[in-house]
Amino acid sequence: MPAPTCASCHAARAALRRPRSGQALCGPCFCAAFEAEVLHTVVAGRLLPPGAVVAVGASGGKDSTVLAHVLRELAPRLDVALRLVAVDEGIGGYRDEALAAVRRQAARWELPLTVVAYEDLFRGWTMDAVARSTAGTGRGRSCCTFCGVLRRRALEEGARLVGATHIVTGHNADDMAETVLMNFLRGDAARLARGGGLGSRGEGGALPRCRPLQFASQKEVVLYAHFRRLDYFSEECVYAPEAFRGHARDLLKRLEAVRPTAALDLVHSAERLALAPAVRPPRPGACSRCGALASRALCQACALLDGLARGRPRLAIGEREHRGGGDAEGTRGRARAAVEAAAAAL
Ligand code: SF4
């Protein structure tokens, strides 16, 4: 059966069916719709004011690649300036190739790029050194938790270095839904209380952060990268298979099989969640060592570095993971499957 006509331009043949709405679109109309939806998210949420200098957390992966590309398209309308900030965690055999992808993007799109390294920021610690230190302590499966804390700090430092007023990250709806699920599964009420919304306003002197792709499904992010022919890095981090996030991802996939809107529903649930005063997180103050935002005497990064220095890495810092972790299927397989499924649905 021939593919239907695009429901938007009514001229070209449709190339995909949108995973959530079922709308049949051609590639250019889908990309235009995707960009318009991100623009709406940014404008309706008042995420990036005119004149903002925006640090884009660039990992070389599909999400940050799509985010940087879309924001570059929208930058004249939003009246914002973009800076790419990449974090080198010091993961041999993984991050070097991902950074090479970021460098290619920066050159192609003529965007300034700054790379900040854990080794320079955190007393010589790289993620490989942290993994060696935690091996055999019972914390060896928690690399992503440590890494997530340091990554957040490194991105903040990098953004300040380039004079940014705002930080954006490439978290999509699936990432956010996985985070909500993980927080529920851990009973982490304090983090659930912070989990909603499109980001943070920058309390305690931290730069405001937002996630313009928060309502975009992972499948559509992959489809956008496919139709715009974006060059991104798709290998899994060597520490990812250990991450708890992989279990949340599997659970979400099963939920979506019976309820296609499950991911977005979870994101909206987190936004609407109201917690009793007793479980609301304490008002953040300043870290007594570095001055960063902290809900205890030491911020998470300083507490973690202290524990590592004493040979007692600890997780009292709470659980946080970079959403890139933990998927046996792998990013490349997901990308191929998403493109094939959207075309086959026609
Ligand atoms: Fe860090 Fe885990 Fe992401 Fe690897 S998968 S970069 S260890 S957070």
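Bear in mind these aren't lab numbers, they're just calculated from the coordinates by the rules spelled out. Everything numeric in this text was worked out from a predicted model, so none of it was measured. Because the Cβ atoms are built from the backbone with ideal geometry, glycine has one as well, and the counts that use them run over all protein chains shown.
Taking residues in region 10-23 that are touching a residue at least 60 places away in the same chain (Cβ under 8 Å), and partners anywhere that are in a strand (DSSP E or B) and small (Gly, Ala, Ser), the pairs with Cβ atoms closer than 9 Å and at least 6 places apart or on different chains are 14/24; 15/24; 16/24; 17/24; 18/24.
Just to be sure, is residue 25 in contact with a Cys (Cβ under 8 Å, 6 or more places away or on another chain) and closer than 27 Å to residue 103 by Cα? So residue 25 fails the test.
Residues of region 205-231 that are part of a loop (DSSP other than H, G, I, E, B), under 15 Å from residue 48 (Cα atoms) and not basic (Lys, Arg): 207, 208, 212, 213, 214.
Let's see how each residue does on (1) surrounded by 15 or more Cβ atoms within 10 Å (Cβ to Cβ); (2) farther than 27 Å from residue 264 by Cβ; (3) touching an Asp or Glu at 6+ places or on another chain (Cβ under 6 Å):
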{"residue": "30", "(1), (2), (3)": "yes, no, no"}
{"residue": "40", "(1), (2), (3)": "no, no, no"}
{"residue": "48", "(1), (2), (3)": "yes, no, no"}
{"residue": "53", "(1), (2), (3)": "yes, yes, no"}
{"residue": "60", "(1), (2), (3)": "yes, no, no"}
{"residue": "64", "(1), (2), (3)": "yes, no, no"}
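Residues considered: 151, 103. Of these, the only one that is in contact with a strand residue (DSSP E or B) (Cβ under 9 Å, 6 or more places away or on another chain) and either near the ligand (Cβ under 10 Å from one of its atoms) or of a type in the set (Ser, Thr, Tyr) (or both) is 151.
Remark: pairs (first residue in region 173-190, surrounded by 24 or more Cβ atoms within 10 Å (Cβ to Cβ); second residue part of a loop (DSSP other than H, G, I, E, B) and among the hydroxyl-bearing types (Ser, Thr, Tyr); Cβ separation under 9 Å; 6+ apart in sequence or on different chains) = 173/217; 174/217.
Only a single criterion out of (1) away from the ligand (no atom under 16 Å from the Cβ); (2) in contact with a helix residue (DSSP H, G or I) (Cβ under 8 Å, 6 or more places away or on another chain) is not satisfied by residue 248, namely (1).
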